[in-house]
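Readers should treat all values here as calculations from the given coordinates under stated rules, not as data from a laboratory. The shown structure was predicted, so the numbers you read here are calculated from the model rather than taken from an experiment. FYI the Cβ positions are ideal-geometry reconstructions off the backbone, even for glycines, and counts take in every protein chain you see.
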Amino acid sequence: MPMRSGTTIAGVLLAAGLGACSSELPPPQTRSVIIYSGQRITADPERMGEVDAWLRPALEDIDVNPSFLIRMIQEDTTRYPWDALELVADTAEVKIARTALDAETPYMIYAYLRLRQERGTLEELVPEAVDLAGFALEKAIVNRVADVWLLGRSAFDTQPFGPVDEILYAREFGYLEDLLLATQAARFPEAVEEYRERNPGKEVEFRDWFLRTFERDGPGYLRPPGEVEPGTNADDPAPSPA
């Protein structure tokens, strides 16, 4: 079923789940995901069924829970989910490119998981996050975002969108840490240094993979010059991206 609006993924999942437990629903039919460079990802239907099973109640919670609000704001700039998010108390404001409404659901889920992190309830939905903190916790959250985008791309024919395509492919090919540290260096400076020490030469490997996959030598949606990374102090110098 072609999906052409940013709310369609969430809306169809919620509508399809009415009157049925997610465990009663068959695994979604999936197809391979391919981008312009020819790099292909195959989605396992059983795995996508597991994603579907936790995503439906999460979307329902977003829809009906009055204790928090996720506000989607359209803009002209294309951003990664972490750069698109502003958390203020129990409200999350999420900026989304006007031309990329198909990608609204993974951005919404990123905001939802970060809100749950702030409220101390993330482990109820993401059990692998127990005892995690800092960069390791961010990686667990973004891994769920990659799952949501893979479900959308493979089962619901969502249109490609650069930032979440980069997240998905980096995860599938073993470069998620590299992507996150290259784009969130100011937020996790100690993790950047530790990762470089443990993985000498990985920067060059990541750059070469990125060039083959996306036909450029690094992440393509870094913050505009002079814009402060969310959660950092504007007066603090930021380390260079990996």
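So if each residue of separation counts as 0.36 nm, and I subtract the Cα-Cα distance between Ser67 and Leu222, what length gain in nm does that give?
52.6 nm
Extension gain Ser32-Gln159, at 0.36 nm per residue separation less the Cα-Cα distance, in nm?
Roughly 44.4 nm would be gained on extension.
Give the value in nm², to one decimal: projected area of the alpha carbon convex hull of the stretch 8-159, averaged over all directions.
9.5 nm²
So for the stretch 8-159, averaging the separation of alpha carbon pairs under 8 Å that are six or more residues apart and normalising by length, what relative contact order in percent results?
Result for the stretch 8-159 is 25 percent.
In whole Hz and in residue order, list the ³J(HN,Hα) couplings for the stretch 108-121 that follow from phi through the Karplus curve 6.51 cos²θ - 1.76 cosθ + 1.60, θ = phi - 60°; x for Gly and Pro.
5, 5, 4, 4, 4, 5, 5, 4, 5, 4, 5, 8, x, 10
Averaged over all directions, how much area does the convex hull of the C-alpha atoms of the stretch 121-229 cover when projected, in nm²?
Taking the Cα atoms of the stretch 121-229, their convex hull projects to 8.2 nm² on average.
How far is the Cα center of the stretch 144-159 from the Cα center of the stretch 31-98, in Å?
9 Å
Calculate the tail of P(r) for the stretch 142-196: the fraction of all Cα-Cα distances greater than 15 Å, expressed in %.
Value for the stretch 142-196: 49 percent of Cα pairs lie more than 15 Å apart.
Just going by the charge dipole of the stretch 8-159, with Lys and Arg at +1 and Asp and Glu at -1 on Cβ, which of Ile35, Ala111, Ser67 is farthest out on the positive end?
Of the listed residues, the answer is Ile35.
Amide H of Ala97: which non-local residues (sequence gap of 5 or more, or other chain) have their own amide H closer than 5 Å, using H built in the peptide plane?
Placed amide hydrogens put Glu75, Arg79 under 5 Å from Ala97.
Can you grab the distance from the C-alpha centre of the stretch 162-212 to the C-alpha centre of the stretch 116-142, Å, no decimals?
Their Cα centres are 20 Å away from one another.
Compute, for the stretch 136-198, the length of the dipole vector about the Cα centre, with Cβ point charges of +1 (Lys, Arg) and -1 (Asp, Glu) only. Units Debye, rounded to 20.
The dipole of the stretch 136-198 has a size of about 140 debye.
Whole-Hz Karplus ³J(HN,Hα) for the stretch 211-221, in order, using 6.51 cos²θ - 1.76 cosθ + 1.60 and θ = phi - 60°, x for Gly and Pro?
With coefficients 6.51, -1.76 and 1.60, one gets 5, 5, 8, 10, 6, 8, 8, x, x, x, 10 Hz.
Might you report the magnitude of the Cβ-based charge dipole of the stretch 8-159 about its Cα centre, with Lys and Arg at +1 and Asp and Glu at -1, to the nearest 20 debye?
Approximately 400 debye in magnitude.
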